[in-house]
Amino acid sequence: MNTVPVNHPPIHVLNEVESRKILKEYAVPHNKSAFAKTKEETIQEADKMEFPVVLKVVSPLIVHKSDFGGVQINLQNIQEVEEAFDLIYENAKKRGVVSNGIEGVIVQEMIEGKEEILVGIKRDPIFGPVLVVGLGGVFVELLKDVSLGIAPLEENEILNMLKKLKAYPLLNGYRGKEKLDIDALVQLCKKVVDMAIREDGILEMDLNPVILREEGKGAIAVDARIVLQEK
Amino acid sequence: MENTLTLLQESLDAAFKPKSIAIIGASNGARLGGTEMRLLLESGYDGQIYPVNPKEEIIQGHKSYASIRDIPHEVDRASVIVPAKVVPQVIKECAEKGVKVVQIYSAGFSEMGGDGERLEQEMVTTAREHNMRIIGPNCIGTYCPSSGLNFTKGASTISGNIAFVSQSGGIAFDMVSRGHITGIHFNKIISVGNCIDLDHADYLEYLADDEETEIIGFYIESVKNGKRFIDALKKAASKKKVVILKGGRTATGSQSVASHTGNVAGDYQVWEALFDQTGAISVKSIDKMLTVLLSLQKISPIESGKVAIVGNGGGATVLATDYCEEVNLELAELSNLSATSLDQLGVADGGRNTNPIDMPANQLAAEEGRLFGSVMKILAEDSEVGYILFHFNLVPIMNYMDLESIVQKMITELESIDRTKTNLVAVLRYNGEPEVEKIRYKAMKLLESQEIPTFKAIEEGLAGISVIANQSLKGGR
């Protein structure tokens, strides 16, 4: 049967820092980002970036980090970064996660765009890596509007996958809106597919979201989660 | 690779068209081994038959052998119908004898757990050492009308351009028996069971190169080597039409908690992606499989051809129009000439009833069916029309005339229609009454003799046309 046996091998979920290392290796576009263990390091890293920036908590104890204020966005200057750092630690403490349960924070440049896209990988036990794309939010979650393709995939096949999405017109100039950078999204997907073919330990992956901007301005992953199959 | 392919072709040639067959487990009785042999004799197989059963001297008029080793001639194919526990020994003997291919009917291997998988592996190893291939185990047999292989009563003796491979014995049965009634002609139907040696990719590769086969039907539950299967499916679907019914669509064993992607992408969606990527046609029921196979066999794509609909039943006509839109079919806009001609016949009603055409039962039956014939000719000659669906609701026609005779006359009218640029598709509707069913069946066979496919419902006929018309839009895949 086309299913993972009940006793499938244990999985290992990489945090965002670890996941981004793999993205970098395969040149999958992602926003500027740095890991910092202390407030001082956080300020140093933020200083090297273009504002606004985002802070995200990194902790093996926290999976849904935005649910309780573990993500602080739209920070305009160093002072706001300092405040946000303290707030994240306070919020964690309220949930019973003390500071030694937190590894640190990720500082990253905040990317604005027109649509949020889910780009994912699922390794099918029979057919191998499968690329999954859909528009973020309700389109994926509520309407299950996703398109799948079995690797390997060429650019034209990825474009056809996007065209099959019910929400595709939103990317392609619906009702006089600007056309978005579909070509960049296709290129990003292609890199993701090639990465999944090479890295056969990757069981699942979410780039959620990939920020898609206007035509010519790119597609950039701003969050990443990779699930490895433990060998 | 060349050698592997040759071997594959030789072994499957031997499976479908053997010069000699050993039936291991043949008997004089009514069980599977006896039936297999009886059907082989009744279906006109003209090669050598060697029954093997140590308990019998003569089986159904043929000398019986205690073991396949005792047969003093070459054996192309062996059908193995013995209890699971003796199958491994029988396989060893077949391999040593130099049999090209065995089909193991016996069940009780990996599908039952326990030792089954290990026994299967041992059999495969033995077979490979002797270049013998295995079909099955756990299957029902092989049907091939041109060689006389058959596994059920009620099978057609006419060969067609469709081959069918089934992982379920029951569905293989359905294809032979229901296919025959429906007017679908197969050249091969094979039940492949657990696929321990020859698997889906092998059958696809063989059939992709098979000159008799233009259409391949598949019932699949599971695939072992996904990558090989994809390659074989791509190759086959680029040369032939491949229609796949996938069983086990709702399996949810691989739900993921670790990622969003894992949750939104189900297993069957991966199969759907595969169908899209390879150009295979997917169906979700046995009925739809039969509809699609019949349509592929009997309806030819007509470039930019549109649909005309004619028959009795005002409401049915309205619903037919609605359904066209659902299955992406466009009704033809008839030429002025056609509209005028229909008007002159008294059918078009001042141009309002041109397409779809509602011809009440009394009109269909008028002039001994000649009015219907004239309407059909006008539609067939209109260059906009590529597909004519004509539908008879049989019971209302009975009110006006002798049903059997008028239906025959209407069908005879169709003989003179030029069908080079137009397809004819019939729908015979009725209420299920046994007396009407007899007439319907006769009518269907008359239509079949003119190579016109018959469907039970207008929606079915339109769905069939849609498969053909919309396939040709995609560029012949």
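The values are calculated or read from the model by the stated rules, or taken from the named source; none is laboratory data. These numbers come from a predicted model, not from an experiment. So basically every Cβ, Gly included, is an ideal-geometry build from the backbone, and we count neighbours across all protein chains shown. Accessible surface areas use protein heavy atoms only, side chains included; no ligands, DNA or RNA. Shrake-Rupley method; radii C 1.70, N 1.55, O 1.52, S 1.80 Å.
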Q | Carbon + sulfur, % of accessible area of segment B:301-473 - ligands and nucleic acids excluded, 1.4 Å | A | 48
Q) How much length, in nm to one decimal, is gained on full extension between residue B:19 and residue B:111, taken as 0.36 nm per residue of separation minus their Cα-Cα distance? A) 29.9 nm
(Q) Under 10 Å, Cα contacts only: if you run a Gaussian network model on chain A, which one of A:143, A:203, A:212 comes out with the highest mean-square fluctuation? (A) A:143
Q. To the nearest 10 degrees, how steep is helix A:78-94 against the longest Cα principal axis of chain A, on a 0 to 90 scale?
A. 90
Q. Of all the accessible heavy-atom surface of segment B:139-298, with the other protein chains kept in place and a 1.4 Å probe, what percent is carbon and sulfur?
A. 49
Q.
Considering the Cα positions of chain B, please state its Rg to one decimal place and its Dmax as a whole number of Å.
A. 25.7, 81
Q: Using θ = phi - 60° and the Karplus relation 6.51 cos²θ - 1.76 cosθ + 1.60, list the HN-Hα couplings for segment A:34-42 in order, rounded to whole Hz, with x at every Gly or Pro.
A: 9, 9, 9, 8, 10, 5, 4, 4, 4
(Q) Could you check the spin-label model distance between residue B:55 and residue B:159? Points 7 Å from the Cα along Cα→Cβ, value in nm. (A) 3.7
Q. In segment B:1-138, what percentage of the DSSP-assigned beta bridges are antiparallel, given to the nearest 5?
A. 10
Q. What does the charge add up to near residue B:188, with Lys and Arg as +1, Asp and Glu as -1, over the other residues with Cβ less than 10 Å from its Cβ?
A. -1
Q: Along Cα→Cβ, 7 Å out, is where each label goes; now give me the distance between the ones at residue B:370 and residue B:449 in nm to one decimal.
A: 2.3
Q. Using a probe radius of 1.4 Å on protein heavy atoms only, what is the accessible area buried between chains B and A, both sides summed, to the nearest 100 Å²?
A. 2600
Q) Which whole-Hz couplings ³J(HN,Hα) result when phi for each residue of segment A:147-158 is put into the Karplus expression 6.51 cos²θ - 1.76 cosθ + 1.60, θ = phi - 60°, listed in order with x for Gly and Pro? A) 10, 10, x, 8, 6, x, 9, 8, 3, 5, 5, 5
Q.
Quick check: net charge around residue A:14, other residues with Cβ under 10 Å of its Cβ, Lys/Arg +1 and Asp/Glu -1?
A. +1
**Q.** Residue-normalised accessible area of segment B:322-477, given per residue in Å² at a 1.4 Å probe
**A.** 47
Q) Amide H to amide H, which residues 5 or more places from residue A:30 or on other chains are under 5 Å from it, using H placed in the peptide plane? A) A:221
Q. Hey, how many Å between the Cα centroid of segment B:36-115 and the Cα centroid of segment A:115-146?
A. 50
Q: Excluding residue B:352 itself, calculate the net charge of residues whose Cβ lies under 15 Å from the Cβ of residue B:352, where each Lys or Arg counts +1 and each Asp or Glu counts -1.
A: -4
Q: Only residues of segment B:303-324 count here: report those whose backbone N is under 17 Å from the spot 7 Å along Cα→Cβ of residue B:349, or say none.
A: B:309-322
Q: Kindly flag which residue pairs out of B:298/B:409; A:94/A:190; A:48/A:191; A:122/B:100 have an alpha-carbon separation exceeding 32 Å in this structure.
A: A:94/A:190; A:122/B:100
Q) Given springs between every Cα pair under 10 Å in a Gaussian network model of chain A, which of A:101, A:128, A:120 has the largest fluctuation? A) A:101
Q: May I ask for the equivalent-ellipsoid semi-axes of segment B:139-298, computed as the square root of five times each C-alpha gyration tensor eigenvalue and listed largest first in whole Å?
A: 29, 16, 15
Q: Kindly provide the pair-distance distribution of segment A:37-122 built from C-alpha pairs, with 5 Å bins from 0 and whole-percent values in order of increasing distance.
A: 3, 14, 26, 21, 17, 12, 6, 1, 0
Q.
Pairwise over distinct Cα atoms, reciprocal of the mean inverse distance: report the Kirkwood radius of the protein assembly as shown in Å, one decimal place.
A. 29.7
Q. Quick one: Cα centre-to-centre distance for segment A:67-99 and segment B:119-197, in angstrom?
A. 66
Q) Counting partner chain Cβ atoms within 10 Å of every residue's Cβ in A:126-137, what's the average? A) 4
Q. Helix B:169-182 sits at what angle to the longest principal axis of chain B, using alpha carbons and giving 0 to 90 degrees rounded to 10?
A. 30
Q. If R0 is 60 Å, what FRET efficiency do you get for residue A:93 and residue A:156 from their C-beta distance, rounded to 0.05?
A. 0.70
Q. Rounded to the nearest 500, what is chain A's calculated 222 nm mean residue ellipticity when only DSSP H runs of at least 4 contribute -39500 (n - 2.57) each, over all residues?
A. -8500 deg cm²/dmol
Q | Nearest-0.05 FRET efficiency for residue B:303 and residue B:335, computed from C-beta distance (R0 25 Å) | A | 0.90
Q. Taking amide hydrogens as modeled 1.01 Å from N in the peptide plane, which residues meet the under 5 Å criterion relative to residue B:186, leaving out close sequence neighbours?
A. B:160
Q: Assign one of three labels to chain A, namely rounded, prolate or oblate, based on the Cα gyration tensor with a ≥ b ≥ c the square roots of its eigenvalues; rounded applies when a/c is under 1.5, prolate when it is not and a/b is larger than b/c, and oblate otherwise.
A: oblate
